[in-house]
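Visitor: Got a structure here, written out as structure tokens. Questions coming.
The values are calculated or read from the model by the stated rules, or taken from the named source; none is laboratory data. Small disclaimer: the values here were computed from a predicted structure and weren't measured. Quick reminder, even Gly has a Cβ in these numbers, built from the backbone with ideal geometry, and neighbours come from all protein chains shown. Side chains included, ligands, DNA and RNA excluded: accessible areas come from the protein's heavy atoms. Shrake-Rupley method; radii C 1.70, N 1.55, O 1.52, S 1.80 Å.
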Amino acid sequence: MWLRNALAAAAVSAAVLAAPQTGSASTITMTSYSFAAGSQVISNVSVTSSVPGNSISWGSLNAGLFQLNTTAGTLYGFCVDLFHTIQNNTVYQTAPLTFAGDNSPPGSSGSAPDIFPLTTTQAKQINWLTLQAVSELAASTLTAARSAAYQLKVWEVAYGSAFSYGSAPAAVLTALTGISAALSAADLSSIAIPTALISVQTGPNGETILGERQMLVIGVPEPASLALLGAGLLGLGAMARRRHSVH
């Protein structure tokens, strides 16, 4: 499962990087979604905005790693946009993650966009968190509490001091402490920039509207891991052929 997600995410990212420099971009459609390992309720979530009227708060939110069933295969990712809700049958433009928040153009939802630019370090931290969660899912060790804790940490990294929440289950807070410590000690030198999924819709006058639905992030493994995984698959294939020839 982890391998399928890793290869699919890398393929999506590669398609973006290979797109011509004319504004064109790769797109995928998310047909349905669910929480990959369950979710936990986080209360009084808010983002304090620098744009007048754009601060947002939720009385409660379900947090956790999403399983996204898409035209690019099954992907796993987190929310990096608390200004919009996630919806089925959303068309996404794929691009390297460079910001979090609201990407809606002025007038599309009655307010100006509120983009939170991400440094390279922040983007790598989000990628590390996403890949860790997916690897735990593959190992069947990702509990609902840990899944929610990873999402909380993604929000903390993405929004910084603008993000806050009132309370979370004790198991989530315990997991968050460990995840935060592991992230602080992680070597990010070989970690790639993850891929953002930015919704694409057609407006009433035929215009393209970006960001009217929740933006998501999927992990992209470092090239070395992909090379090792590819070599491992080739080795398994060779072993299977040898066993077949013996019989």
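Visitor: All other residues with a Cβ under 11 Å from the Cβ of residue 114 taken together, and with Lys, Arg as +1 and Asp, Glu as -1, what is their net charge?
Guide: Net of charged neighbours comes to -2.
Visitor: Collect residues whose amide H, placed 1.01 Å from N in the peptide plane, falls under 5 Å from the amide H of residue 222; neighbours closer than 5 in sequence don't count.
Guide: 192
Visitor: Amide H neighbours of residue 214 under 5 Å, counting only residues 5+ apart in sequence or on other chains, H built in-plane at 1.01 Å?
Guide: Excluding prolines and chain starts, which carry no amide H, the hits are 85, 86, 87.
Visitor: Another one. Give, as a single signed number, the net charge of other residues whose beta carbon lies under 15 Å from the beta carbon of residue 215, with Lys and Arg counted +1 and Asp and Glu -1.
Guide: Cβ neighbours under 15 Å give a net charge of -3.
Visitor: From largest accessible area down, sort 91, 47; use a 1.4 Å probe on the protein chains.
Guide: On the way: 91 55, 47 0 Å².
Solvent-accessible surface, decreasing: 91, 47.
Visitor: Also: Place a label point 7 angstrom from the Cα of residue 48 along the Cα-to-Cβ direction, then list the residues of the range 140-162 whose backbone nitrogen is under 11 Å away.
Guide: Only 161-162 fall inside the zone, counting backbone N under 11 Å.
Visitor: Given points 7 Å out from each Cα along the Cα-Cβ axis, report the residue 71 to residue 138 separation in nanometres with one decimal.
Guide: Label at residue 71, label at residue 138, 2.7 nm between them.
Visitor: Working out 0.36 nm times the residue gap between residue 177 and residue 85, then minus their Cα-Cα distance, what length gain in nm do you get to one decimal? Walk me through the intermediate numbers first.
Guide: Working: separation 92, 0.36 × 92 = 33.12 nm, distance 2.72 nm.
Contour length minus the Cα-Cα distance gives 30.4 nm.
Visitor: Another question, if that's okay. Pull out the extension gain between residue 29 and residue 62, defined as 0.36 nm times the separation in residues minus the alpha carbon to alpha carbon distance; nm, one decimal.
Guide: The span from residue 29 to residue 62 would gain 9.6 nm if fully extended.
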